[in-house]
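Heads up: the structure comes next, in structure tokens.
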Amino acid sequence: MATEPTPRITHSPSLQLSLATPTDLREITEVWYACLPESFVRQMFPYTPALLAWWDAANGYDMAYKPYVKFVVVRDESKEGKGRIVGYAKWWVPKEDGMFSVEERFPEWSEESDGVLCDLFVNQLAKERKELMGERKYYYLDMLGTLPEYRRLGVAAMLMRWGVERTDRDKLECFIDASDKGIPVYEKFGFFPKEPFVVPGMGFTCTTYIRPARP
């Protein structure tokens, strides 16, 4: 079966980078769903009003109570773009008094989520981060996504650059666990892949990438 072509914008965007605010929460949630249409992801997090609210609340809590979690967004400020969020990244920055905990990434699952699958997937990723990074300080890229119609315009590079410039400033490593769709941009910014984690029976692969500290 032929796949539909990826949509593309027809205007010249004016891309601007900034930190997100609480008024951006729903737009961030919608970008997340647009970037992750895989059936495995939708089994864990179905696109329903309850899950939209769950994501808004989870991200809102991080934004309000975890100053070391930074939501970075790119907006299209052109006349046609109307200031919409076209991509975002969720960066975890090491705390001044120590390291964040990989176990605090998500709150209790929504009743409409597949909790068993969520636990299987998230716990495996947390275990791998713990084994690879231990207790040392590092930056963690939790999420990176660009709306399909805005891809290959430099949005992801803007979001990546925000974090890697800070890792270089602090002379720290950076860690990513992500799908293979982002391989080109990760490699461009100096990340090296580790062993992929394949979700049993789902055909979904998640790979760990580490960017070494720069002297």
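Odds and ends about this structure:
Rundown of residues vs (1) more than 16 Å from the chain's Cα centre (by Cα); (2) hydroxyl-bearing (Ser, Thr, Tyr); (3) more than 21 Å from Tyr209 (Cα to Cα); (4) modelled with pLDDT under 90, yes/no style:
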residue: Glu104; (1), (2), (3), (4): no, no, no, yes
residue: Glu111; (1), (2), (3), (4): yes, no, yes, no
residue: Val116; (1), (2), (3), (4): yes, no, yes, no
residue: Gln124; (1), (2), (3), (4): yes, no, no, yes
residue: Lys130; (1), (2), (3), (4): yes, no, no, yes
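- Test: Trp109 is part of a loop (DSSP other than H, G, I, E, B), buried (at least 18 other Cβ atoms within 10 Å of the Cβ) and in contact with an Asp or Glu (Cβ under 9 Å, 6 or more places away or on another chain): yes
- In summary, helices (runs of 4 or more DSSP H) completely within region 1-95 and bearing 3 or more residues that are over 30 Å from Arg136 (Cα atoms), out of contact with any Cys (no Cβ under 9 Å at 6 or more places or on another chain) and open to solvent by less than 70 Å² (accessible area, probe 1.4 Å) occur at 25-35, 49-65.
- Test: residue in region 128-143 that is surrounded by 13 or more Cβ atoms within 10 Å (Cβ to Cβ) and more than 23 Å from Lys70 (Cβ to Cβ): no
- Whether a residue is in contact with a Lys or Arg (Cβ under 9 Å, 6 or more places away or on another chain) and either loosely packed, with under 14 Cβ neighbours inside 10 Å or not aliphatic (A, V, I, L, M) (or both) was assessed, and Gly190 passes this test.
- Any hit, region 149-167, residues being in a helix (DSSP H, G or I), of a type in the set (Lys, Arg) and open to solvent by less than 30 Å² (accessible area, probe 1.4 Å): no
- Scanning region 193-215 for residues being open to solvent by less than 60 Å² (accessible area, probe 1.4 Å) and closer than 16 Å to Met133 by Cα gives a total of 7.
- Residue within region 71-86 that is within 24 Å of Lys130 (Cα to Cα) and at pLDDT 95 or above present: yes
- Residues that are at pLDDT 95 or above, under 14 Å from the mean Cα position of the chain (by Cα) and within 21 Å of Asp119 (Cβ to Cβ) within region 34-57 comprise just one, Trp55.
The values are calculated or read from the model by the stated rules, or taken from the named source; none is laboratory data. Since the model is a prediction, treat every value here as computed from it, not as a measurement. Every residue, glycine among them, receives a Cβ derived from its backbone with ideal geometry; neighbour counts consider all protein chains shown. The protein model used for the area step is the full one, side chains on, heavy atoms only, and it has no ligands, DNA or RNA in it. Shrake-Rupley method; radii C 1.70, N 1.55, O 1.52, S 1.80 Å.
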